Amino acid sequence: MGRIAIASLVGTTIEFYDFLIYGTAAALVFGPLFFPSLGPAAATVAAIATFGVAFLFRPLGAIVFGHYGDRLGRKRTLVTTLLMMGGATFAIGLVPTSAVAGAAAPLLLLLLRAVQGLALGGEWAGAALLTSEYAPAERRGLYSMFPQLGPGFGVALSSATFLISALALSPEAFVAWGWRIPFLASAVLIAVGLYVRLRIAETPAFRNAALRKEQVKLPFVDVLREQWRQVLLGGGMLSMTFGSFYTAVVFLTGYAGQAEGTGTLGLSQPTILVVDILAAVVLSAAVIVSAMLSDRIGRRRVLLVGAIFGIVAGPLAFLIMRPGDAVSFFIAMALLMLVLGIPYGPAAAYLPELFRTRYRYTGAGMSYNLAGILGGALPLLVAPPLVAMFGGMGVAYFLSALGVLSTCCLLAMKDTRDVPIDPAASATTTIA
C-alpha cells in the first residue's frame with residue numbers, strides 16, 4: 001500500500017507542477033512576451049486567460065481517458081497522461097515569443113495548453129482510483145489523501161523553481177530566457193514519475209471487474225444514463241474548492257505583483273513566490289488532517305465544514321490582504337488554502353465511492369473536471385471585469401457564491417464512508 005500511495009503522490013505532484021508552472025509564468029512574464037501589443041495590464045489579463053483554456057479541455061480528457069481507464073485499466077491510462085503532460089510542458093519551454101514568431105507564438109501556447117488540459121483531465125481520477133481501489137475500507141480516506149497532496153507539492157515545487165531562477169538571474173535574463181528553465185526541467189520529473197508508475201500493478205477492483213466481464217462499451221453513456229445526478233452534484237460540490245485554489249495560486253500571484261505596474265499590492269516576485277511556498281505547506285497540512293478525519297466522522301461532514309467555511313473565507317481573505325504587506329498577503333493565501341484543503345482531503349475517496357466500478361474512472365473524472373470549469377476557468381475569466389468594477393471584493397463575493405453552490409450540492413448528497421468500493425476486491429497490494 002505504501003508503494004501505491006507513493007506512486008499516486010509522485011504522479012499527481014509532477015502533473016500539477018507541470019500544470020501550475022504555466023499559471024505562475026502567465027502571471028509573472030507571459031503578458032509582455034506573448035501579448036506585447038495589448039499593453040502591460042491587458043497583456044497580463046490575456047496571459048492568465050490562456051491558463052484558463054486548459055479547463056475547457058479537462059472534461060474532454062476525463063471522457064477520453066475515462067473510457068480507456070474503465071475498459072483497459074487505470075495503470076495504462078495514467079502512464080499515457082503523464083507522458084502527454086510532460087511532453088506538452090517541455091514543449092512550452094521551447095516556444096518562441098511573439099518577438100520571434102509573431103501571432104503564431106500565442107497560438108502555440110494555446111495548443112500546448114489544451115494538451116495539458118486533456119492530460120490533467122484524465123490524470124486525477126486515475127490517481128484517485130489507484131489509492132481508493134487498493135486501500136482497506138477503514139483507511140480509504142487516509143490513503144486517498146496521497147494524490148490530494150499533489151497540488152500542494154506542485155505549488156511548492158513550481159514556486160521554488162521560479163524563485164531559484166529569479167534569484168540566480170538578473171530580471172532581464174529571467175524575462176529573456178530564465179522562465180524557460182522550470183518547463184525544461186520537467187523532463188527529469190517525468191522520468192521519475194514514469195519509473196514509479198511502471199512498477200505498480202492494476203487495481204484489484206478493476207481486475208475483479210475484468211474477470212466478471214463488467215466493462216461496458218461506452219462508459220460515458222452509461223454513467224450519464226445511470227448516475228448523471230452524482231456527476232452534476234459532485235462537480236458542484238468541488239466548485240468552491242477549485243475556485244479558492246486557482247484564485248490563490250494564479251490570480252493573486254498577478255494581483256499582488258508589481259511587474260509592469262500590473263499588480264495592486266506592490267509585492268516583489270520573490271516575496272510572492274515565498275508566500276506561495278508557505279501557503280502550499282498550509283494546504284498540505286489541511287489535506288492530511290481532513291482526509292484522516294473523514295475515516296472517523298465521514299466524508300460528507302468534513303466536506304460540509306469546508307464548503308460552509310468557504311462562504312465567508314473569500315471576503316475575509318481579500319479584507320486581510322488590503323494593507324499590501326507580505327504578512328497580510330500570506331494570511332490571506334493561507335486562509336484560501338485552508339478552504340481548499342479541508343474539502344479536498346476526502347475528495348479522492350468520496351468521488352470514487354459514488355460510482356460503480358465499470359464506469360468509476362469516467363464518472364469521478366467528469367465530476368472533478370466539471371468542478372474545474374465552474375471553479376477554475378470561470379473565476380479566472382470573470383476576475384478582471386469584477387476587479388475593474390468592484391475591486392478585489394468582487395472576486396471575493398464570487399468565491400462566496402461558489403461556497404453556497406458547494407454547500408447546497410453537499411446537502412443533497414449522502415455519506416459514502418461505509419459503502420464498499422468493490423465487495424470482491426482484495427485490499428492487499430500487488431506489486432508488478
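The values are calculated or read from the model by the stated rules, or taken from the named source; none is laboratory data. This one's a predicted model, so the numbers in the text were calculated from it and none came from an experiment. Glycine also receives a Cβ, built like all others from the backbone with ideal geometry; neighbour counts cover every protein chain displayed. These area figures cover heavy atoms from the full protein model, side chains too; ligands, DNA and RNA do not enter into them. Shrake-Rupley method; radii C 1.70, N 1.55, O 1.52, S 1.80 Å.
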Here the residues within region 55-82 that are in a helix (DSSP H, G or I) and open to solvent by less than 10 Å² (accessible area, probe 1.4 Å) are F55, R58, G61, A62, G66, G69, D70, R74, T77, L78, T81, L82
Subset of region 317-328, residues hydrophobic (A, V, I, L, M, F, W, C), assigned to a helix (DSSP H, G or I) and more than 24 Å from G150 (Cβ to Cβ), comes to F318, L319, I320, A326, V327
When every residue in region 355-373 that is open to solvent by 20 Å² or more (accessible area, probe 1.4 Å) and at pLDDT below 90 is compared, the one nearest to T50 (Cα to Cα) is I373
For region 53-68, pairs from a residue that is more than 11 Å from G376 (Cβ to Cβ) to a residue that is not in a helix (DSSP H, G or I), with Cβ under 8 Å and 6 or more apart or across chains, are H67/L218
Condition set touching a Ser or Thr at 6+ places or on another chain (Cβ under 9 Å) and closer than 15 Å to L184 by Cβ, scope region 93-115, selection most open to solvent (accessible area, probe 1.4 Å): answer is L112
Checking the structure you have, find out if any residue of region 345-359 is of a type in the set (K, R) and touching an Asp or Glu at 6+ places or on another chain (Cβ under 9 Å). yes
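Looking only at region 39-54, decide whether some residue is within 16 Å of T357 (Cα to Cα), in a helix (DSSP H, G or I) and touching an Asp or Glu at 6+ places or on another chain (Cβ under 7 Å).
No, there is no match, as no residue in region 39-54 is within 16 Å of T357 (Cα to Cα), in a helix (DSSP H, G or I) and touching an Asp or Glu at 6+ places or on another chain (Cβ under 7 Å).
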Checked I308, I331 against criteria (in contact (Cβ under 8 Å) with a residue 24 or more places away in the chain, open to solvent by 10 Å² or more (accessible area, probe 1.4 Å) and part of a helix (DSSP H, G or I)); the one match is I308
Subset of region 1-26, residues over 21 Å from T81 (Cβ atoms) and open to solvent by 10 Å² or more (accessible area, probe 1.4 Å), comes to M1, G2
Note: among L130, L189, just one is open to solvent by 30 Å² or more (accessible area, probe 1.4 Å) and modelled with pLDDT under 85, namely L189
Checked against (1) hydroxyl-bearing (S, T, Y); (2) surrounded by 24 or more Cβ atoms within 10 Å (Cβ to Cβ); (3) at pLDDT below 90, T429 satisfies every condition except (2)
Filtering region 375-403 down to residues that are among the aliphatic types (A, V, I, L, M), open to solvent by less than 50 Å² (accessible area, probe 1.4 Å) and closer than 30 Å to A125 by Cβ yields A377, L380, V382, A383, V395, L399, L402
In region 192-217, residues that are open to solvent by 40 Å² or more (accessible area, probe 1.4 Å), on the phi < 0 side of the Ramachandran plot and part of a loop (DSSP other than H, G, I, E, B) total 5
